[in-house]
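The values are calculated or read from the model by the stated rules, or taken from the named source; none is laboratory data. Since this is a predicted model, take the numbers as computed values, not measurements. Here the Cβ positions follow ideal geometry from the backbone for every residue, glycine too, while neighbour counts run over all protein chains shown.
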C-alpha cells in the first residue's frame, strides 16, 4: 500500500507541474485593498504612490502637464494636490485616488503598482499623511489595514489566512465524503476498496486544493477556474488508472472493466460540480 501511495503522489505531482500556457492579460487583474482605522468625522482621500511612472493606463502627470481629469471634474483640485506632493523616496502619483470618508477603504483593482507607499490627503486641514515604509503586492489580491495615528500610518498585511485554512480543510472533507458516497452507490462496499478510495482521494484532494489555493492567491479567480478544470481532468485520468487496477484486486467478485473508470468519471464530475457550487454560494470557501 505504501508503494501505491508513493506512486500515486509522484504521478499527480509530475502531471500538474507540466507547463500550461495562458494569456497574461486575460481575466481579472491584481488588486490592492487598504482598510483605514482611526479617522473619524473628517473627509480624506487616498492613493498609492508608485515606484515607477506608469502602470497599465495610469501614469504620472509628468512634464507635459496632461492629467486624467479635466478642470470641470469635481475632484480636479484634489488631483492637483496629490500631483504637487513631493515624496522623499521619489515615488510617483499616478492620478488614481479615491475618497474614503464614508467607506474607510481604498481599492485599486486594475493594474495597481507593484511597489508603493500609501498617501492620504485631508482637504479640511490641507495635510498629507504618508506611510513610512514601502510595500509590495504579496498576492493577487493584497489586503492591508492602515491605522492613522499622530500623522502617521501603521500598516499591516491583513490577508485572512485562518479562514483560507479552514475553508481548505472543509473542501477536502466534503469532497472525500461525496466520492465515498458515490463509491457506495457503485457497489464498492469492501473495506479494502473503500480504504483505497479514501487514501487516493485524500492524496489527490490535498494536492488539488493546495494547488488551487496557491493559484487563487497568486493569479486570481479566472485562473483558478481554468486550472481547476484542467487538474480535475488529470485527477480523473490518474484515479481511473489506479481504480481499474486495484478496485478489481480488492473485490471478491468480478468487476467489469468499465465500472472503475465510470466511477472515477462520475465521482470527479460530482466533486467538480461541488467545488463550483461552493464558489458560487460561498465565495469565501475559495
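What about residue 39, is it touching a strand residue (DSSP E or B) at 6+ places or on another chain (Cβ under 6 Å), at pLDDT 90 or above and assigned to a loop (DSSP other than H, G, I, E, B)?
Values: touching a strand residue (DSSP E or B) at 6+ places or on another chain (Cβ under 6 Å): yes; at pLDDT 90 or above: yes; assigned to a loop (DSSP other than H, G, I, E, B): yes.
Answer is yes for this residue.
Within the range 13-20, is even one residue modelled with pLDDT under 75 and crowded, with 16+ Cβ neighbours inside 10 Å? Steps first, please.
First, the residues of the range 13-20 that are modelled with pLDDT under 75: 13-20.
If we keep only those that are crowded, with 16+ Cβ neighbours inside 10 Å as well, we get 16.
Yes, the range 13-20 contains a residue that is modelled with pLDDT under 75 and crowded, with 16+ Cβ neighbours inside 10 Å.
Do we have any residue at all in the range 169-176 that's surrounded by 14 or more Cβ atoms within 10 Å (Cβ to Cβ), touching a residue at least 60 places away in the same chain (Cβ under 8 Å) and closer than 30 Å to residue 119 by Cβ?
no
From the list 226, 203, 245, pick out the single residue that is loosely packed, with under 14 Cβ neighbours inside 10 Å and not assigned by TED's automatic domain parsing to the domain that holds residue 134.
Working: 226 fails: loosely packed, with under 14 Cβ neighbours inside 10 Å; 203 fails: loosely packed, with under 14 Cβ neighbours inside 10 Å.
It is 245.
Here are 186, 198: which of them is farther than 16 Å from residue 275 by Cβ and in contact (Cβ under 8 Å) with a residue 40 or more places away in the chain? Give the steps one after another, and end with the answer.
On the way: 198 fails: in contact (Cβ under 8 Å) with a residue 40 or more places away in the chain.
Answer to the selection: 186.
Only one of (1) closer than 20 Å to residue 53 by Cβ; (2) in contact (Cβ under 8 Å) with a residue 40 or more places away in the chain; (3) assigned to a strand (DSSP E or B) fails for residue 106. Which number is that?
The failed condition is (1).
Anything in the range 111-149 that is touching a residue at least 24 places away in the same chain (Cβ under 8 Å), in a strand (DSSP E or B) and either outside the structural domain of residue 91 (by TED's automatic domain parsing) or surrounded by fewer than 14 Cβ atoms within 10 Å (Cβ to Cβ) (or both)? List them, or say none.
Scanning the range 111-149 gives 127, 149.
Can you find a residue in the range 47-62 that is over 22 Å from residue 112 (Cβ atoms), out of contact with any strand residue (DSSP E or B) (no Cβ under 7 Å at 6 or more places or on another chain) and free of Cβ contacts under 8 Å to residues at least 12 places away in the same chain?
Residues of the range 47-62 over 22 Å from residue 112 (Cβ atoms): none.
No: zero hits.
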